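Asks: Before we start, here is the structure in question, set down as structure tokens.
The values are calculated or read from the model by the stated rules, or taken from the named source; none is laboratory data. These numbers come from a predicted model, not from an experiment. Cβ atoms come from the backbone with ideal geometry, glycine included; neighbour counts cover every protein chain shown.
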Amino acid sequence: MIKVNLLPLEYRKAEATPLKQFFATVGAVVLAAMAATIWAWVFFAKLEPAREEVKVLENEIAGQKGGLEYTKKLETRVKDLQSQYRKIDEVAKSRVVWSRKIDEIWELVVNPKAANRYEVWLKSLSCKVAPTKNSGGSLEFAGTSAGSQVYRLADFHEDVATSPFYADFQSMTAPYGLREPLTGEDRDPKEGWTFNFSLALKSLDDISKSRKTELEEAGKK
């Protein structure tokens, strides 16, 4: 038998939702909720801290860039100073401080190691820088040793060879000369020995190395 419901729609009993459609709808809602939850967890628990870490790293990199630029400027400055130092070093190698040498030889003349060990005076002094592989040049000085005893001239020669003055030299002529009378009414002794000493400089490289060693040792004290 066929039943026909003649009631208006608003008075009819609501039809139940099919179970398949109901469970499908519930499943979709649950999946959507889970997806939203997972997205929120990824965003707030993982992505946002990662973004903050990236910002921190970017700030550190920006700060390091400034330091890197400063370091590059310092490296350039160091290279300039090293270049200047090499130029100064080359100039220093090619010169001998003759004023220092004159002071040292004068100290030997007027202040013997022992009183009356010798009495000398200089008549001439000349120097020449002529750099070669084995020598830096030469120095010559001539004078007179008072007294008839030739050993007094030898004593002066020995003091020269064992003094700081001689540190930059590698050889010196032997102590010989000519015996001659000394003029002057009040002169005593009345005779002496003339001499002419010739000294060969060490190579300028060796002199420069010796000076550096002296400065380093002085700095350690």
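Asks: If you check every pair at least six apart or on different chains, which have Cβ atoms under 8 Å apart with a residue in region 91-116 that is modelled with pLDDT under 90 first and a residue that is among the hydroxyl-bearing types (S, T, Y) second?
Replies: Here the result reads A92/S208; K93/S208, each pair linking region 91-116 to a residue that is among the hydroxyl-bearing types (S, T, Y).
Asks: Is at least one residue of region 172-180 at pLDDT below 95, surrounded by 17 or more Cβ atoms within 10 Å (Cβ to Cβ) and under 29 Å from D206 (Cα atoms)?
Replies: yes
Asks: Is there a residue being free of Cβ contacts under 8 Å to residues at least 40 places away in the same chain and assigned by TED's automatic domain parsing to the domain that holds S203 anywhere in region 136-145? Show your work before the answer.
Replies: To start, the set of residues in region 136-145 that are free of Cβ contacts under 8 Å to residues at least 40 places away in the same chain comprises none.
Looking for residues that are free of Cβ contacts under 8 Å to residues at least 40 places away in the same chain and assigned by TED's automatic domain parsing to the domain that holds S203, one finds none in region 136-145, hence no.
Asks: Still on this structure, please answer the following. Among the residues of region 101-150, write down those that are among the aromatic types (F, W, Y) and surrounded by 15 or more Cβ atoms within 10 Å (Cβ to Cβ).
Replies: Filtering region 101-150 down to residues among the aromatic types (F, W, Y) leaves 106, 118, 121, 141.
Hits for region 101-150 are Y118, F141.
Asks: Now, a different point. Within region 167-178, does at least one residue satisfy the condition of being in contact (Cβ under 8 Å) with a residue 40 or more places away in the chain, under 27 Å from V97 (Cα atoms) and not basic (K, R)?
Replies: Keep residues of region 167-178 that are in contact (Cβ under 8 Å) with a residue 40 or more places away in the chain, which gives 167-168.
After this cut, where a residue has to be under 27 Å from V97 (Cα atoms) as well, the list is 167-168.
The next check asks that each one be not basic (K, R); those that pass are 167-168.
Taking every residue of region 167-178 in turn, at least one turns out to be in contact (Cβ under 8 Å) with a residue 40 or more places away in the chain, under 27 Å from V97 (Cα atoms) and not basic (K, R).
Asks: Could you tell me whether E75 is of a type in the set (D, E, K, R), surrounded by 10 or more Cβ atoms within 10 Å (Cβ to Cβ), at pLDDT 80 or above and in the same structural domain as T144 (by TED's automatic domain parsing)?
Replies: On the way: of a type in the set (D, E, K, R): yes; surrounded by 10 or more Cβ atoms within 10 Å (Cβ to Cβ): yes; at pLDDT 80 or above: yes; in the same structural domain as T144 (by TED's automatic domain parsing): no.
It is false that E75 is of a type in the set (D, E, K, R), surrounded by 10 or more Cβ atoms within 10 Å (Cβ to Cβ), at pLDDT 80 or above and in the same structural domain as T144 (by TED's automatic domain parsing).
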